[in-house]
Amino acid sequence: MPTTRPRHLVTESDELAAALDSAHRRWPGLSRSRLVVRLALEGERLHREHAAEESARRRRILESARDEFAGIGSVEAVRAARDEEWPA
């Protein structure tokens, strides 16, 4: 089919064959070439999902640290105390 979009050729390695066989059980009506596309899109979706979960986890850690150290004073006071204890 004519297209202006890039095409990608993929050689079916043993690992890819196993992944396609597994994907075929999940999406039995799709051709192997369509399964390659489906797996790529599913992988991207999972990557975005994982990145969002990781970002939320880091935010919770930072909020916990913020709450734990909330009463120690301003940033300037902390820097001054640091500079007194660890002179340059």
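The values are calculated or read from the model by the stated rules, or taken from the named source; none is laboratory data. Since this is a predicted model, take the numbers as computed values, not measurements. Because the Cβ atoms are built from the backbone with ideal geometry, glycine has one as well, and the counts that use them run over all protein chains shown.
Overview of results
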read-out	value
Among (1) exposed (fewer than 10 other Cβ atoms within 10 Å of the Cβ); (2) among the aliphatic types (A, V, I, L, M); (3) at pLDDT 95 or above, the one test that Ala88 misses	(3)
Criterion: over 23 Å from the mean Cα position of the chain (by Cα), part of a helix (DSSP H, G or I) and hydrophobic (A, V, I, L, M, F, W, C) - qualifying residue of Ala23, Ala51, Ala56, Ala18	Ala18
Count - residues of segment 22-43 that are of a type in the set (D, E, K, R) and either surrounded by fewer than 11 Cβ atoms within 10 Å (Cβ to Cβ) or within 16 Å of Thr11 (Cα to Cα) (or both)	3
Tally, over segment 59-88, of residues that are among the basic types (Lys, Arg) and either touching a helix residue (DSSP H, G or I) at 6+ places or on another chain (Cβ under 6 Å) or not in a helix (DSSP H, G or I) (or both)	0
Given (1) part of a helix (DSSP H, G or I); (2) of a type in the set (A, V, I, L, M); (3) over 21 Å from the mean Cα position of the chain (by Cα), index of the condition Val36 fails	(3)
